[in-house]
Amino acid sequence: METFLSLLLLFLTAAVINNFVLINFVGICPFLGVSKKLSSAFGMGLAVTFVMTIAGFLSWTFTYYILRPDAPGTVWLFNAFGVEGVAPNLSILSYLVYIFVIAASVQFVEMYVKKFFPPLYKAFGVFLPLITTNCAILFACLEIMKRLQDPANLWGLTEAMVYSVGGGLGFTIAITIMAGIREELELNDIPKPFRGVGIALLTACILAMAFMGFSGVNAGLSKWLGL
Amino acid sequence: MNDQPTALERFWRGIIPENPTYRQVLGMCPTLAVTTNVQGAITMAAATTFVLVCANIMVSLLRKIIKPHLRILVFTLTIATFVTIADYFLQAFMPEMSAQLGPYIPLIIVNCIIISRCEVCASKQSLVPAIADGFGQGLGFLLGLCSIAVVRELLGSGTLMGYTVLSGDFWVNCGIMILPPGAFLTLGCLMAFFNWIGSKKQEN
């Protein structure tokens, strides 16, 4: 029960309290670029969640077994090749591996969706390949890497998965709210210099203020739940 | 290739007419995240410029070899290599700054400015315009970041580059400016201001 509650708290923290877009400022480009229509914004959010889950799984696996200092796979590899006098640490390759993992999972998702869900593929359109350069996904990978550096408080695969799904849903929540507001804004008479990105940023400012209301909720909740 | 801009044009365009922050609206994540103080903004812009110039050099030299359908992958892997170098350099020589910027240094890999410059300029032009383009865009990015950071640091903590500028009884720090909403607010207002100046210029 305690594990379940702490996972739930982690999920809420990733999705709402430390929202990826509005508190951590990652994934701003699609947040501003693809939030003009509600349906496409929701599709983008789902696609990002999907890719983030896969990339989170892969990056945890690679980091845990190969990339972190003294990882079992690296130790085995160094022993197999008889390397001595060097600490088994391949973390210098982390960024290259992550970007490769993200690009590969985007490709994989694209092929899978194209083959098995053609209507969904049409709905995603150009957004799927764009996800490769979405910083939200790399941010999730980096966070998982950070949590695997500290041996006292290691994240297991479950925590990593919960964190990436929560982060993806947080992105979906933020971009969907934003698109809903922007659809209404279309009808308003906005001063000329603010048209386009300017008013979108001011809207995001008010949304971020609303999300600031959640700050500290995680500490209070964990105290209340006795974790 | 004669219709491509020259090196000097590329350099100048990056600073004002195609400013990455205000005109192209690219690379918004670091623009919003690291502008709580001016030093952070300068370090971020310097790291981005380093990666941008190096990636432009590599891509420009390799432009005849890269296969078109693999180009994005080659761009990102080149960028990731240089970002690793920049990240380890900062960790070794500026540990405090590295801790402050945190994940936003590795996030330079997916900064759309760099990929778009590789695509638009470096994969089409020779070495000299590509380098000039890298420096021009980097300088434009620096100006964009600094304009936001100056406003946020001044209003949010009353300092500039770490020195106290505004203090005393009449001055109250607006804490919201260094929190996330302040970033959106400052960028939104500055963008409207520069749009307004641009439209005034066109009228005259």
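The values are calculated or read from the model by the stated rules, or taken from the named source; none is laboratory data. Quantities reported herein were computed from a predicted structural model and do not represent experimental measurements. All Cβ positions, glycine included, derive from the backbone under ideal geometry; neighbour counts span all protein chains shown. These accessible areas exclude ligands, DNA and RNA; they are computed on the full protein's heavy atoms, side chains included. Shrake-Rupley method; radii C 1.70, N 1.55, O 1.52, S 1.80 Å.
Here are the numbers:
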read-out: Any hit, the range B:119-129, residues being within 15 Å of B:G27 (Cβ to Cβ) and in contact (Cβ under 8 Å) with a residue 40 or more places away in the chain; value: yes
read-out: B:L187 modelled with pLDDT of 85 or more, assigned to a helix (DSSP H, G or I), within 17 Å of B:G40 (Cα to Cα) and away from chain A (no Cβ under 14 Å); value: no
read-out: Options B:L166, B:L139, B:L145, B:L101: the member that is part of a helix (DSSP H, G or I), farther than 25 Å from B:I57 by Cα and aliphatic (A, V, I, L, M); value: B:L101
read-out: Matching residues, the range A:80-103, being open to solvent by less than 50 Å² (accessible area, probe 1.4 Å) and either within 17 Å of the chain's Cα centre (by Cα) or in contact (Cβ under 8 Å) with a residue 24 or more places away in the chain (or both); value: A:L90, A:S91, A:S94, A:Y95, A:V97, A:Y98, A:I99, A:V101, A:I102, A:A103
read-out: Residue pairs meeting the criteria (Cβ under 6 Å; at least 6 apart or on separate chains; first surrounded by 10 or more Cβ atoms within 10 Å (Cβ to Cβ), in the range A:177-193; second aromatic (F, W, Y) and modelled with pLDDT under 95); value: A:P193/B:W196
read-out: B:L155 in a loop (DSSP other than H, G, I, E, B) and under 30 Å from A:T203 (Cβ atoms); value: no
read-out: Of all residues making up the range B:101-145, the number that are among the polar types (S, T, N, Q) and modelled with pLDDT of 90 or more; value: 1
read-out: Some residue of the range A:147-162 being within 11 Å of chain B (Cβ to nearest Cβ), crowded, with 21+ Cβ neighbours inside 10 Å and of a type outside the set (D, E); value: no
read-out: Qualifying residues in the range A:108-135 (those that are within 9 Å of chain B (Cβ to nearest Cβ) and crowded, with 24+ Cβ neighbours inside 10 Å) - the one modelled with the highest pLDDT; value: A:C135
read-out: Residues of the range A:45-79 that turn out to be without any contact (Cβ under 8 Å) to a residue 60 or more places away in the chain, under 26 Å from A:V106 (Cα atoms) and out of contact with any Ser or Thr (no Cβ under 7 Å at 6 or more places or on another chain), as a count; value: 3
read-out: Tally of residues being charged (D, E, K, R), in a helix (DSSP H, G or I) and within 14 Å of chain B (Cβ to nearest Cβ) across the range A:163-213; value: 2
read-out: Index of the failed condition, B:V38 passing every other in (1) open to solvent by 20 Å² or more (accessible area, probe 1.4 Å); (2) touching a residue at least 24 places away in the same chain (Cβ under 8 Å); value: (1)
